[in-house]
Amino acid sequence: MYRFSPLPTFPQSPALTGDDVEQKRAEILDYFHATFDRYEQLFEGLTCDEAFYKKPIALRHPLIFYFGHTATFFINKLLLAGWVETRINPKFESMFAIGVDEMSWDDLSEAHYDWPAVDEVKAYRQQVRMTVDELIRNKSLALPITWDDPWWVVLMGVEHERIHLETSSVLIRQHQLDFVKAHPAWAPCRVSGAAPVNSLVDIPSTVVHLGRERKAPGHYGWDNEFGHRVATVAAFQSSRYLVSNAEFLAFVEAGGYADEALWEPEGLAWRQYARAVHPCFWIKSSAGWRLRLMLEAVEMPWDWPVETNYHEAKAFCRWKSRVSGQSVRLPSEDEWQALCAYSGANEPVAANLQLAHYASSCPVNTFVQGPLFDVVGNVWQWCETPIYPLEGFDVHPIYDDFTTPTFDERHNLIKGGSWISSGNLASPASRYAFRRHFFQHAGFRYIVSSASGQHLSSHYETDRLLSEYAEFHYGDEYFGVTNFPRTLAQLAIQAMAGKPAKKALDLGCATGRASFELARHFDRVTGIDFSARFISLGIRLAEEGRLRYTLVEEGELVAYKERSLAALGLADVAGKVEFFQGDACNLKPLFAGYDLILAANLIDRLYDPASFLQDVHQRLNPGGILLIASPYTWLPEHTQRENWVGGFKRDGESFTTLDGLKALLGRHFRLLDEPLAVPFVIRETRRKFQHTLSEVTLWERR
């Protein structure tokens, strides 16, 4: 191991509790100014104004955007919180607001921006500094600071700037060398030697607890950290060290980048697009390999951790599996937390973290943490797990798009922090995720395990129609109208009094709420819908117990919703429900022998409703119940005019759908009672709803 000397302390996230309000105020003020200073100091490593305007990489804005972005964030969020009443510079606070990832709303076209001069942005930053300084000094402060306190938004601004301290340092590292210069505040490690030979350490089975309590956070946290998850992690083996440049060189020299069998399709597409043949920060020259640091290039330190994106780390693990004959892969988030617990890294430990030692990574055998090295610090570590919301996740109303855009199965978690990670970034509880092809100060360690990598769904349903149906089935009730699928299920169950209740069929089940409700009474429920998109939501809910979707508020604004079977009292019956895609007019023979068939808002959407009605008795047991609900909204785009069951004149007289039902069902069914009008409401936007009456009829098979 090497000796290291700590640098002057960079203030860390203040605790949100305490007894001395004025001391806490001073602590927050120091925390704010130290972060603001350090961020501006980062840009002192640029050689000229041109460096601010030329993009380091095509997929990001030029650095002038990030120089202004963190300052405008304070004003934009404090306006929402009600602590700032007027804008400082409306143009800047629009121009610098959004554009830090590859999301659909990020406009990276240079033609759309007339970037201001560097001095203008510096002057703007100074105005923001004075504004926030005045707020911190003069606003009323009560402890503890909680999630819904405007002081939380001040801390949010500081932590946001610390995130960009790190991400901007990566962009500077990707900039042309002639655009950067050495800076005494950003001195890298100068120690290097022979790389240690990696080995495996046995990690015992353990139970890990993820998530923080929103009511008592202790320190600032981002929305994705709050909630809970308890998981039992099976025993596995972990590499003692992070993968070093030397260890990764063997993969490069073995032709790993050219071997397509080692790459997943997404990774292969990236590798081909980027024409990658070695890690991004490696530089090959006639004199040998060099490593690009933030402000310079140095002779390759082979004992430092390699820095890659997820795809490269994944390909290395596949290669390692091939040459070792073991099941090598990246750790899941749960397994990384197990490493933390086993190594003691959940508590403060010596680490290349929080700008305490170097402005770069350092040898992988410098910072020992239990039987391992660098469980936290040095470089981030890619995980196998795409980011997903913990149970109880909710967005913060002031920053509702911090995490939710990453719930797309395209962003994988990175854990442990790097040499520049500070504040919340340095916490083992933090949950940051990046697109798998992005570069960060991130490397990896590998594990050996017979278990597959963790993959929990992170998907937020954004399809508008599906989201509206998810809300219709599982969401709020509007205007005092009770939940429609639940009401129908209750009517069906009431009609089944004294009858067998082994099997029920929910035909046209959509997203499946009635299927789950029927399972309260029936031994087995089958939900069938023509749309695979619809039943995918029911399947997801049955498998995972919860569902996430977005609802349009107005225009492009959306609200994020999460519903769980447990909250609806349906968790215990989910195992009794199965979903299939199928055509109600042409069902497979196996779908028969039911004691109940529920057909909700179905018949006026069928292409041949008569054939369904004439044959449905074959699916029911004698004495079984058929419940039909429909608003009788006959439309040619769903059902050709000649196939309508009713809603037209026959022999000069009105022929209703109820008349048609009696004619088609009368031979095999008995109408149990008079039709019942059941209302339902479908939410389209925050201010627009469909209010409809569905006519319900109950039929008993003769």
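Coordinate-derived values only; no laboratory data. No experiment lies behind these values; they were computed from the predicted model shown. Please note: Cβ atoms are built from the backbone with ideal geometry, for glycine as well, and neighbour counts cover all protein chains shown.
Within the stretch 407-426, restricting attention to residues that are under 16 Å from the mean Cα position of the chain (by Cα) and assigned to a loop (DSSP other than H, G, I, E, B), which residue is nearest to V306 (Cα to Cα)?
R410
Can you tell me which residues in the stretch 321-336 are of a type outside the set (D, E) and crowded, with 24+ Cβ neighbours inside 10 Å?
If the condition is that a residue be of a type outside the set (D, E) and crowded, with 24+ Cβ neighbours inside 10 Å, then P331, S332, W336 are the ones that fit.
Look at M300 and say whether it is surrounded by fewer than 20 Cβ atoms within 10 Å (Cβ to Cβ), aliphatic (A, V, I, L, M), farther than 15 Å from S427 by Cα and in contact (Cβ under 8 Å) with a residue 24 or more places away in the chain.
It is true that M300 is surrounded by fewer than 20 Cβ atoms within 10 Å (Cβ to Cβ), aliphatic (A, V, I, L, M), farther than 15 Å from S427 by Cα and in contact (Cβ under 8 Å) with a residue 24 or more places away in the chain.
Output the residues belonging to the stretch 248-260 that are touching a residue at least 12 places away in the same chain (Cβ under 8 Å) and either small (G, A, S) or more than 19 Å from Y446 (Cα to Cα) (or both).
Selection gives A254, G256, A258, D259.
From the list V201, V208, which residue is surrounded by fewer than 21 Cβ atoms within 10 Å (Cβ to Cβ), in contact with a Cys (Cβ under 9 Å, 6 or more places away or on another chain) and assigned to a strand (DSSP E or B)?
V208
How many residues, within the stretch 611-620, are crowded, with 17+ Cβ neighbours inside 10 Å and not β-branched (V, I, T)?
Summing the residues that are crowded, with 17+ Cβ neighbours inside 10 Å and not β-branched (V, I, T) in the stretch 611-620 gives 5.
Looking at (1) more than 30 Å from V379 (Cβ to Cβ); (2) hydrophobic (A, V, I, L, M, F, W, C); (3) buried (at least 18 other Cβ atoms within 10 Å of the Cβ); (4) over 32 Å from the mean Cα position of the chain (by Cα), which is the one condition that is false for A123?
That leaves (3) as the condition not met.
In the list E266, E247, E213, which residue meets the criterion of being closer than 20 Å to C280 by Cβ and surrounded by fewer than 17 Cβ atoms within 10 Å (Cβ to Cβ)?
That would be E266, the only listed residue that is closer than 20 Å to C280 by Cβ and surrounded by fewer than 17 Cβ atoms within 10 Å (Cβ to Cβ).
Which members of the stretch 373-387 meet the condition of being buried (at least 24 other Cβ atoms within 10 Å of the Cβ) and assigned to a loop (DSSP other than H, G, I, E, B)?
D374, V375, V376, G377, N378, V379
Criterion first (over 27 Å from Q337 (Cα atoms) and surrounded by fewer than 19 Cβ atoms within 10 Å (Cβ to Cβ)) does E260 satisfy it?
For E260, the condition - over 27 Å from Q337 (Cα atoms) and surrounded by fewer than 19 Cβ atoms within 10 Å (Cβ to Cβ) - is met.
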